[in-house]
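Comments concern the structure below.
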């Protein structure tokens, strides 16, 4: 597999250019080495989005398209200008519940593109400029059984530049030893984890014993320009190991992780799924989320640690969450300039747009706002209903406090049954608030 393959082009806002763009997407997918199924889905995604966005682009502004083929994923990014953007048909999870039959017929292309991609996200670049990014994942085989080390011997040492086999083995060991809600999704298909590491989308530290056996793993990825999400530490220490071996592996992993991220430009590290082996004294609590573990709802702590001094931020705040924010900022001693924003009487468009990701194994649904709209209350309710119909028990909503219209949604969220649970310092453009739909215990 070659390194990342990338192609960039600008096309007029004319549906006639969608087919050539799809042909380029097919050539790039073939060069990236993905299977026929992923290639066809990527071509469909590119073609249908080109057709739809050509109809939305204002005037003669070209549609700019950047196609990227990675080891683990194909990605298409569309940059365009639209004064009155409405993409309600991309509410794929709850689409049938929030759109009429006529609207569905008119937006068939968006529905096809949205369903062909594994995920998409929309970014407002300022003014009337937007970027729509769609991704198609490579299909991987499931994990094969692996054997944990029978015994570990000191001294421990970092595994420098681990190869694909080592990364695959470590991910499979973690998936076998830890519950799904504590593991990154890529651990279920360990070859994907190895490719994501090679592509630079995730990073990790591995610890080996004196005999070269894999003793532990810790992994992380960026969540914003200034913050990282981490998972672990994952220990592969047999029950009959020498006293203190598990603590030594966990301590070495943490030290190597902090040393690695300290060389980068990030200010903070966060975790939604710290394992029991994480030294809690090295981190501060941010709160708890209710998650589904073995068909039971339990409280999962969320933790963080500063890498550098926090010099303050300005954040937007609705009266509906002011008490929560002020209490949280006081508790964490974070300097923040809290700017008031109120719920609007009217919104810029009829149809809102929510991004939704679903993980059936974790019974987890995550919602993220992309476009504000008059139908937000209906759209929220439809997404909750659709997720619950899939058996999802943990439903989260992410709000970026750098964006005034997102912060202004607090009242709608409360009326829809959501409660602010955790604040993530610098988790987005500014701080993020994670809301959770209330579930009976």
> Tell me, what does the Kirkwood hydrodynamic radius of the range 1-68 come to in angstroms if you use every pair of distinct C-alpha atoms?
Replying inline: 12.3 Å
>> For q values of 0.12, 0.26 Å⁻¹, compute log₁₀ I(q)/I(0) with the Debye formula on a Cα-only model of the range 226-301, without solvent.
In response: -0.42, -1.25
>> For the chain, take the longest principal axis of its alpha carbons; what is the angle in degrees between that and the long axis of helix 36-56, to the nearest 10 within 0 to 90?
In response: 40 degrees
> Given the Cα-Cα distance of residue 255 and residue 6 and 0.36 nm per residue of separation, how much length would full extension add, in nm?
Replying inline: 86.0 nm
>> Suppose the chain between residue 309 and residue 265 were pulled fully straight at 0.36 nm per residue; how much longer would it get relative to their current alpha carbon spacing?
In response: 14.6 nm
>> For residue 415, project a label point 7 Å along Cα to C-beta. Then give me every residue of the range 339-365 with its amide nitrogen under 14 Å of that point.
In response: 343-347
> How big is the shadow of the Cα convex hull of the range 119-233, averaged over all directions, in nm²?
Replying inline: 8.8 nm²
>> Can you tell me which of 194, 430, 177 moves the most in a GNM of the chain? Springs connect C-alpha atoms under 10 Å apart.
In response: 177
> Looking at the P(r) of the range 1-138, how many percent of alpha-carbon pairs lie beyond 21 Å?
Replying inline: 39 percent
> For the chain, what is the calculated [θ] at 222 nm in deg cm²/dmol (nearest 500), taking -39500 (n - 2.57) for each run of four or more DSSP H residues and dividing by its residue count?
Replying inline: -9000 deg cm²/dmol
> In whole Å and largest first, what semi-axes does the C-alpha gyration tensor of the chain yield when each eigenvalue is scaled by 5 and square-rooted?
Replying inline: 37, 29, 20
>> Using a 7 Å offset from the Cα along the Cα-to-Cβ direction at both residue 140 and residue 357, what is the distance between the two label points in nm, to one decimal?
In response: 1.4 nm
>> Tell me the angle of helix 376-389 to the major Cα principal axis of the chain, expressed in degrees between 0 and 90 and rounded to the nearest ten.
In response: 50 degrees
> Expressed as a fraction of 2.2 N^0.38 Å, the rule-of-thumb size for a compact globular protein of N residues, what is the C-alpha radius of gyration of the range 255-368?
Replying inline: 1.35
> Expressed in nm to one decimal, what extension gain is obtained for the pair residue 61 and residue 342 from 0.36 nm per residue of sequence separation less their Cα-Cα distance?
Replying inline: 97.7 nm
> Cα centroid distance between the range 187-260 and the range 276-345, in Å?
Replying inline: 25 Å
> Given labels modelled 7 Å from the Cα in the Cβ direction, how far is it in nm from residue 299 to residue 161?
Replying inline: 4.7 nm
> When you take every Cα atom in the range 310-441, what is the radius of gyration, and what is Dmax, the widest Cα pair distance, in Å?
Replying inline: 14.7, 44
>> For the chain, set up a GNM with springs between Cα atoms under 10 Å and report which of 43, 192, 213 has the largest fluctuation.
In response: 213
> Tilt of helix 245-262 relative to the longest C-alpha principal axis of the chain, in degrees (0 to 90, nearest 10)?
Replying inline: 40 degrees
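None of the figures in this text is laboratory data; all of them are computed from the coordinates on show. All of these numbers come straight from a predicted model, not from anything done at the bench. For neighbour counting, all protein chains shown are included, and Cβ atoms are generated from backbone atoms with ideal geometry for every residue, glycine included.
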